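Trainee: Pasting a structure here, questions to come.
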Amino acid sequence: VSVLEFSLWFPFVLPGLTSAAAKTYIPAFFVYDDEHTKFDNTPWTYNTDYLLTTVMSILAIQCILARSDNDQKNQRSLRLRLYSASLLICYAISTLAGAWAHQHFLSVESLNTSRFRMFWFVCVGNVSFASCYMGLIGREVQRHFGVSGAMHMGPWWFWPAYGCYMSLTCGLGYISFKRPACDIFIAGCTQFPSTFYCLAALGIRKWPQQNSKKVAVGKETSIELVSPMYRAIYYIGFISNAPLLPVYPILVQYTDMTLGGVNTFLHTWLLLAWGMQGISLVHLCKAVSNGERRVGAATEKQQYSGGPALIYSIIMAPLALMATDYARMSFS
């Protein structure tokens, strides 16, 4: 509940964007009107959505096929490959439903139908549920590449429950705005716990220097097979969606760009961000499928600093910020 409240609150407190956010993020609960509703139907919008669907589907297939000739290693990488593919399929289904909606729902009256609500729930609901697979990917990344004891993995069912809860709130209309595109940004904002979990799982460790130790070809651990370039792609891919939240109200309120132009720009950004996620996940899947088992936990005592305190502080900081703002408003 706190994450949902934070996601609905955060756009309105970004410095310099309060006015733009108030004009952009107007609650709808799936009831649209001629005055405030803006929904683009130009080919630039839905064709770039179809492009996203195609690219995400290809990357999902590549994750599944990131196997080796060793059945035992393939079994070890299976969950990471399935979770990675599932995340990318969520993106693909979301953009496919969004493309269809932009192409075929051409009036405000058509937006106020159960048919549009179904399509838009599929579009936004998959972004909301994507947190489930992000969290499960984080668990697998922690298991294969993270430092034992640096982060609590928690029960596996937490992330599916979290994804289902966020999808339910989407279906009930709590993540619904007069500009339907806003729904996507709030749904994306609810991903911040799973996003930082993924980042911390791969980032909280000292990585071996590629030239510091000679390892026989074919004997490398999965950790040693992860190159710095793909780690950078992973980090950038998972965090680079964050600027879209403030960028969208700026573009629609303070520029002369058409709505089709704005959507094309945002879809291009998503293509790069989600594409980097997919490319890096394919690389991690291949590393697990081709690498030897990771070193034992006993030899990893000095491989990280900060440990659980870092990830907890990252996740709790936004909630503390929101609590402070609530307190300020209550006593003012």
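Trainee: In a shell of Cβ-Cβ distance under 10 Å around Thr24, excluding Thr24 itself, what net charge do Lys and Arg (+1) and Asp and Glu (-1) give?
Mentor: +4
Trainee: Here's a follow-up. Using modelled backbone amide H atoms (1.01 Å from N, in-plane), which distant-in-sequence or interchain residues come within less than 5 Å of Glu292's amide H?
Mentor: Those qualifying (amide H under 5 Å, at least 5 residues apart or on another chain) are Glu220, Thr221, Ser222.
Trainee: Next up: Roll a 1.4 angstrom probe over the protein heavy atoms and tell me the percent of accessible area of the range 63-104 that is carbon or sulfur.
Mentor: With neighbouring chains kept in place, the figure for the range 63-104 is 54 percent.
Trainee: Could you sort 78-84, 51-57, 131-137, 195-201 so that the peptide with the highest average Cβ count within 10 Å comes first and the rest follow in order?
Mentor: 131-137, 195-201, 78-84, 51-57
Trainee: So, one more: For Lys23, which aspartates and glutamates qualify as cross-link partners when the Cα separation must be under 12 Å and same-chain residues fewer than eight apart are set aside?
Mentor: Answer for Lys23, where 12 Å is the Cα cut-off: Glu35, listed by chain and number.
Trainee: Another one. As a test of understanding, state the convex hull volume per residue of the range 142-281 from its alpha carbons, in Å³.
Mentor: Each residue corresponds to 140 Å³ of Cα convex hull volume.
Trainee: Tell me which residues come under 5 Å, amide H to amide H, from Ser176 once H is placed; ignore anything under 5 positions away on its chain.
Mentor: Excluding prolines and chain starts, which carry no amide H, the hits are Ala28, Phe29.
Trainee: What number comes out for the charge environment of Met153, summing +1 per Lys or Arg and -1 per Asp or Glu over other residues with Cβ under 9 Å away?
Mentor: +2
Trainee: Sticking with this one: With every protein chain present, what is the per residue accessible area of the range 16-62 (1.4 Å probe, Å²)?
Mentor: 51
Trainee: Can I ask one more? Using the per-residue mean of other Cβ atoms lying within 10 Å as a proxy for protection, in what order, highest first, do the peptides 25-32, 173-180 fall?
Mentor: So the peptides 25-32, 173-180, ranked by packing, come out 173-180, 25-32.
Trainee: Give me the Debye-computed log₁₀ of I(q)/I(0) at q = 0.11, 0.19 Å⁻¹ for the range 1-131, equal point scatterers on Cα only, no solvent, two decimals.
Mentor: -0.56, -1.15
The values are calculated or read from the model by the stated rules, or taken from the named source; none is laboratory data. Just so it is clear, the structure is predicted and the values come from calculations on it, not from any experiment. Please note: Cβ atoms are built from the backbone with ideal geometry, for glycine as well, and neighbour counts cover all protein chains shown. Protein only, heavy atoms only, side chains kept; ligands, DNA and RNA dropped before computing areas. Shrake-Rupley method; radii C 1.70, N 1.55, O 1.52, S 1.80 Å.
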